[in-house]
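Scroll down for the structure; my scribbles are underneath it.
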Amino acid sequence: MNIRLVPDWLYLLLTVPTVSAFIGWLTNWQAVKMIFWPAVRRLGWQGIVYAHADKFATNLGRIAENDLMNGHEMAHRLDPDELEKALAPVLDAEAPAMVAAAAETIRPGAWAMIPPPMQAMIVEQVKARTKTIARELTVEMRPLVAKQLDVQTLVASQLTGPHVTRLARLTEQIGNKEFKFIEYSGGVFGAIIGFGQIGVWEAMNLWWVMPIFGVLVGLVTNYLAIQMIFRPHERKRYLGIFPYQGLFPKRQAEIARDYGKSTADEVITPHNIIEHLTTGERAQRLLVELRELLSRRIDAEWAQAKGMVPFPVTDEQVASVKELIVTRLLELAPRVRPQMEEILHRQLDIQNTVETRLASLSKPEFEKMLRGVFQEDETTLIIVGGVLGGAVGALQGALVLAGIG
C-alpha cells in the first residue's frame, strides 16, 4: 500500500539503478574471488592462481631470468676480496688443527716433535696461503656457480608446490588496489547502465527486459573493469575530456617497488639461493667441481712445499692429506653460511635490482608479466558474471513488477 503511494517513475529511479549497481558490484566481486578461490577444485572450478600456478610461476621465473637478474650476473657480483675477509676468521681458527692433522697423516708423532715457535711459523704461512687460495677459488668458482644457478627454476620452486599460497598471497597483495577497483567500478558501471535500463523499461514494459539487462551488466562491467586495469598503457583522453591510464601501467613504479621487496624478502633470498645450490643433483655437480678445484690447488701447493719436507712422502699419503683437507674445508660450510648470506644480501642487492629493472620494462612487457595466465580464464570470469547478473536481473524484474504492478 505504501509502495503504491510512490510514483512509478520515482520507484523505478530508486530501485533500477540501485539493483543494477548491486549486480555490477556482485559480478565483479565474484570475478575477483574466482581468481583466488577456491584453493582446491570445487564444482569444477579452482582459483585461477592455484589452477595455473605452475605456468604462472614458470612465467615469472622466465622473466626474472631474462629481464631482472640471471645466474651469471649474480655469480659475477660476488667480490672475492669481501668473501676472503668473511672466510678468514673461520679459516684462521681451523688452520692449526688442519696442519697438525695433515702432519699426523704423513708421519704420526712428527708434529709434536716440532718446536712450538716453528709450529706457529708454519701455521702462519698456511694461513696466508689459505687466504690467497680462498680468494683465487672464489674467482674460479664464479662460472661454476653461474652454470648451476638457475634463476627460473629457483623462482618457480618458491611459488609452486608447498609454496603456492605464497604466489596467491603476493599476487593479491601487489594487485590489491586493482582488485578493489574491479569491485567498486562494477557498481559504478552498473548504476550507469541502470539509468538506461529505465528508459527501455518505460518503452517496452516487459519483465524479461530486466534479466537481459542483468546479463548485460554482468558481462560489460566485468569486461570493462578487467580492461581498465591494464589498458591503455599510456595516459589517454577519451571524448577529448576524460584522461585515463590503466591502473597497472600507471602504478608500474609502485608495483616494481613492492615486487622488488617481496622478491628479495621471500623468493630470491640468500637462504633460498644457497639451498638451491646445495641440494639435489645441482649440489652434487657443484661439489664434484669444487673438489676438483681444491685438489688441483693442493697439488700445486705440494709441488712447491715437498722439497722442504725432510722425509719421503708417498702418493698415497698425499692423497690422504688432500682428502683430509677437502673434507675439513667442506665441513666448514655451515659455520660460514651466516656470513655468506649477509654477503649475498649486500652484494646481490636483489630488491633494488628487481625494482629498477621491472620499472624500466616496456608497458607491453609489464602487462604480460602481470596478466600472464589470467587471460586464459578472463572469458570464463566474464561469462559467469553475465549468468549471475541475469539471475539477479530476474529478481530485479520481480521487484519492479511488485512495486508498480
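Wholly within the range 66-164, which helices (runs of 4 or more DSSP H) include no fewer than the required count, namely at least 1 residues that are among the acidic types (D, E), over 15 Å from I268 (Cβ atoms) and at pLDDT 85 or above?
By residue number, 80-106, 116-148.
I'd like to check something: does the range 82-92 contain any residue that is in contact (Cβ under 8 Å) with a residue 60 or more places away in the chain and of a type in the set (D, E)?
yes
Quick check on the range 200-223. Is at least one of its residues closer than 30 Å to E342 by Cα and not in a loop (DSSP other than H, G, I, E, B)?
No, the range 200-223 contains no residue that is closer than 30 Å to E342 by Cα and not in a loop (DSSP other than H, G, I, E, B).
Condition (residue is aliphatic (A, V, I, L, M), free of Cβ contacts under 8 Å to residues at least 60 places away in the same chain and buried (at least 17 other Cβ atoms within 10 Å of the Cβ)) applied to the range 285-308: is it met by at least one residue?
Yes: one or more hits.
Taking interchain pairs and intrachain pairs at least six residues apart, which have beta carbon atoms under 9 angstrom, with the first residue in the range 147-171 and of a type in the set (A, V, I, L, M, F, W, C) and the second modelled with pLDDT under 90 and in a loop (DSSP other than H, G, I, E, B)?
Between residues of the range 147-171 that are of a type in the set (A, V, I, L, M, F, W, C) and residues that are modelled with pLDDT under 90 and in a loop (DSSP other than H, G, I, E, B), the close pairs are L149/N70; V151/M69; V151/N70; V164/A39; A168/A39; A168/G47.
Restricted to the range 36-49, and to residues that are touching a residue at least 40 places away in the same chain (Cβ under 8 Å) and surrounded by fewer than 20 Cβ atoms within 10 Å (Cβ to Cβ), which residue is nearest to the chain's Cα centre (by Cα)?
Filtering first and then ranking leaves F36.
Report the residue count in the range 123-143 for those that are surrounded by fewer than 16 Cβ atoms within 10 Å (Cβ to Cβ) and closer than 19 Å to V90 by Cα.
6
Testing R4 on (1) modelled with pLDDT of 80 or more; (2) assigned to a helix (DSSP H, G or I), one condition comes back false. Which one is that?
(1)
Please verify whether D54 is surrounded by fewer than 22 Cβ atoms within 10 Å (Cβ to Cβ), touching a Ser or Thr at 6+ places or on another chain (Cβ under 6 Å) and either at pLDDT below 85 or part of a helix (DSSP H, G or I) (or both), treating the condition exactly as stated.
It is true that D54 is surrounded by fewer than 22 Cβ atoms within 10 Å (Cβ to Cβ), touching a Ser or Thr at 6+ places or on another chain (Cβ under 6 Å) and either at pLDDT below 85 or part of a helix (DSSP H, G or I) (or both).
Only one residue in E266, E341, E323, E281 is free of Cβ contacts under 8 Å to residues at least 60 places away in the same chain, surrounded by 13 or more Cβ atoms within 10 Å (Cβ to Cβ) and assigned to a helix (DSSP H, G or I). Which one? Spell out the reasoning first.
Details: E266 fails: free of Cβ contacts under 8 Å to residues at least 60 places away in the same chain; E341 fails: free of Cβ contacts under 8 Å to residues at least 60 places away in the same chain; E281 fails: surrounded by 13 or more Cβ atoms within 10 Å (Cβ to Cβ).
Step by step, each of E266, E341, E323, E281 is checked, and only E323 is free of Cβ contacts under 8 Å to residues at least 60 places away in the same chain, surrounded by 13 or more Cβ atoms within 10 Å (Cβ to Cβ) and assigned to a helix (DSSP H, G or I).
If I ask for residues that are β-branched (V, I, T) and within 30 Å of S262 (Cα to Cα), which ones from the range 175-223 would you list?
I182
Can you report the number of residues in the range 68-110 which are under 29 Å from E316 (Cβ atoms) and either within 38 Å of the chain's Cα centre (by Cα) or among the polar types (S, T, N, Q) (or both)?
2
Going by the structure shown, is M118 over 36 Å from the mean Cα position of the chain (by Cα) and either closer than 20 Å to L348 by Cβ or without any contact (Cβ under 8 Å) to a residue 60 or more places away in the chain (or both)?
So M118 passes the test.
The values are calculated or read from the model by the stated rules, or taken from the named source; none is laboratory data. The shown structure was predicted, so the numbers you read here are calculated from the model rather than taken from an experiment. Backbone-built Cβ (ideal geometry, glycine too); neighbour counts: all protein chains shown.
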